[in-house]
Amino acid sequence: MNKTRNSLLTIAAIVVFFIFLWYASTHFNKYSIRIMNDVAIFMMLAVSYNLINGVTGQFSLEPNGFTAIGAYVSSLLTLTVAQKHAMFIIVPMIHPFDTWHLPFLAALIVGGLVTSVIAFVLAFPVFRVRGDYLAIVTLGFGIVIRVFSTNAISLTNGALGLKGISESTNLWWSWGWAVFSIIIIMRLVNSGYGRAMKAIRDDEDAAIAMGINSLKIKMIAFITSAFFEGVAGGLLAHLITTISPTLFTFFLTFNLLIIIVVGGLGSMTGSIIATVMVVWGSELLRVVDQPMHIFSITIPGVPGMRMILFSVLLIATMIFAREGIMGQREFSWNSFFNMFRARKQR
């Protein structure tokens, strides 16, 4: 009975949320809509990254590389043939990529699949190591992708990047994919595979001794994470309409690492909350960079002050919530209602 009730409540919450998206798309200004799109894309990236880093316990630093692959593949597929011929002015684009063109949805899926295939190939050498060594290997992969995108001029247009990408990403696309990725990853985490991932995180040697195929489970997490990171890269490219190798630096991975640590390693609910805090909160703090007028007093703006204040808030969060906002806990309707019952009893 409770399971049916919780399923209905979840569906109702999703319906109400998409009604809110409809309202936002017709009443909010462009700036607010842009921030909402950013939140959705980074939420998708954070939840995907938390699957391999938090749930499976593999210290990977690959998101910027996978995001770049998805962004470039999907962008190259949605660009028209005329755009490709006009854009690749240094070296013509290699055949047959110069003639390929796909609709937006198909390009996103292909971008995610190509990223997954690369993750599958990469997983064999990557998961021969653990811990800090794994972090170094995956960090190197992100650097290799950036160097490749800079030098493969006939495929990526090099340092000039890709411009004129269709502005196809909107609230429906970004949040639709975000909700879809959260549902799929949560179902995976709550399945037998998810329990095996958590066992590997807690003690990989003990998990192997219990008969868990460690490589298979880690590859499932890695490939699933890569697919959604690739799709998120495509959404990002079609939101900002121009990409270059400088967009996909380690700073992107560092931001995602902050989000999943603040939210709680292994908690998808924590990643969702922390994404809103970090992405939207950092924009709200822009006010401290500008001059402020309080009654008759004028306080001059200090460029960069928001980042200092934001860093202080992050440090305070980690001091008072050392396991993150949610730790390894997840939101559930039962705990939600129990909280209200406890308040009534008081």
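Any idea which residue in the stretch 231-270 is surrounded by the fewest Cβ atoms within 10 Å (Cβ to Cβ), counting only those that are of a type in the set (Val, Ile, Thr) and touching a strand residue (DSSP E or B) at 6+ places or on another chain (Cβ under 9 Å)?
Looking at the filtered set, the residue picked out is 242.
List the pairs whose first member sits in the stretch 147-161 and is closer than 12 Å to residue 75 by Cβ, whose second member is β-branched (Val, Ile, Thr), and whose Cβ atoms are under 7 Å apart, counting only residues at least 6 apart or on separate chains?
Cβ pairs passing all conditions: 149/156; 155/94; 161/242; 161/243.
Give 135, 196 a once-over and let me know the one that is crowded, with 20+ Cβ neighbours inside 10 Å, closer than 22 Å to residue 119 by Cα and among the small types (Gly, Ala, Ser).
Selected residue: 196, the only one of 135, 196 that is crowded, with 20+ Cβ neighbours inside 10 Å, closer than 22 Å to residue 119 by Cα and among the small types (Gly, Ala, Ser).
If I go through the stretch 167-200 residue by residue, how many of them are within 23 Å of residue 226 (Cβ to Cβ) and within 21 Å of the chain's Cα centre (by Cα)? If you could, list the steps in order and put the result at the bottom.
So in the stretch 167-200, the residues within 23 Å of residue 226 (Cβ to Cβ) come out as 168-169, 173-200.
Applying the additional criterion that residues be within 21 Å of the chain's Cα centre (by Cα) yields 168-169, 173-190, 194, 197-198.
The number of residues fulfilling the criteria is 23.
When you go through (1) within 17 Å of the chain's Cα centre (by Cα); (2) assigned to a loop (DSSP other than H, G, I, E, B) one by one for residue 254, which number turns out not to apply?
The number of the failed condition is (2).
I'd like the full set of residues that are of a type in the set (A, V, I, L, M) and surrounded by 15 or more Cβ atoms within 10 Å (Cβ to Cβ), limited to the stretch 79-104. Steps first, please.
In the first step, residues of the stretch 79-104 are kept if they are of a type in the set (A, V, I, L, M); the result is 79, 81-82, 86-87, 89-91, 93-94, 102.
Passing the criteria: 79, 87, 93, 102.
For residue 71, which of the numbered conditions (1) out of contact with any strand residue (DSSP E or B) (no Cβ under 6 Å at 6 or more places or on another chain); (2) among the hydrophobic types (A, V, I, L, M, F, W, C); (3) in a helix (DSSP H, G or I) fails to hold?
Going through (1) out of contact with any strand residue (DSSP E or B) (no Cβ under 6 Å at 6 or more places or on another chain); (2) among the hydrophobic types (A, V, I, L, M, F, W, C); (3) in a helix (DSSP H, G or I) one by one, residue 71 breaks only (1).
Select from the stretch 84-109 the residues that are assigned to a loop (DSSP other than H, G, I, E, B) and of a type outside the set (A, V, I, L, M, F, W, C) and write down the one among them that is modelled with the highest pLDDT. First the steps, then the outcome.
We begin by selecting, within the stretch 84-109, every residue assigned to a loop (DSSP other than H, G, I, E, B); these are 88-96, 100-103.
From what's left, of a type outside the set (A, V, I, L, M, F, W, C): 92, 95-96, 101, 103.
Details: 92: 86, 95: 84, 96: 83, 101: 88, 103: 93.
Within the stretch 84-109, the match that is modelled with the highest pLDDT is 103.
Only one residue in 65, 57, 70, 111 is of a type in the set (Gly, Ala, Ser) and on the phi > 0 side of the Ramachandran plot. Which one?
Exactly one of 65, 57, 70, 111 is of a type in the set (Gly, Ala, Ser) and on the phi > 0 side of the Ramachandran plot, namely 57.
Please work out which residue is nearest to the chain's Cα centre (by Cα), limiting yourself to the stretch 142-166 and to residues that are of a type in the set (Gly, Ala, Ser), surrounded by fewer than 17 Cβ atoms within 10 Å (Cβ to Cβ) and under 20 Å from residue 235 (Cβ atoms).
166
Say whether the condition of being in a helix (DSSP H, G or I), of a type in the set (S, T, N, Q), within 25 Å of residue 225 (Cβ to Cβ) and under 17 Å from the mean Cα position of the chain (by Cα) is met by at least one residue in the stretch 31-47. So that I can check it myself, show each step before the final result.
Step one: list which residues in the stretch 31-47 are in a helix (DSSP H, G or I), which gives 31-47.
In the following step, the residues that additionally are of a type in the set (S, T, N, Q) were identified as 32, 37.
Retained after the next criterion (residues that are within 25 Å of residue 225 (Cβ to Cβ)): 37.
With the extra rule that they be under 17 Å from the mean Cα position of the chain (by Cα), the set shrinks to 37.
For the stretch 31-47, residues in a helix (DSSP H, G or I), of a type in the set (S, T, N, Q), within 25 Å of residue 225 (Cβ to Cβ) and under 17 Å from the mean Cα position of the chain (by Cα): present.
Residue 313 fails exactly one of the following numbered conditions: (1) more than 17 Å from residue 47 (Cβ to Cβ); (2) modelled with pLDDT of 80 or more. What is the number of that condition?
(2)
(1) closer than 12 Å to residue 51 by Cβ; (2) buried (at least 21 other Cβ atoms within 10 Å of the Cβ): which one isn't true of residue 186, the others all being true?
(2)
Please enumerate the residues belonging to the stretch 53-68 that are assigned to a helix (DSSP H, G or I) and more than 17 Å from residue 250 (Cα to Cα).
Result: 54, 55.
The values are calculated or read from the model by the stated rules, or taken from the named source; none is laboratory data. Predicted, not measured: the structure shown is a model, and the values here were computed from it. Positions of Cβ are backbone-derived with ideal geometry, glycine not excepted, and every protein chain shown enters the neighbour counts.
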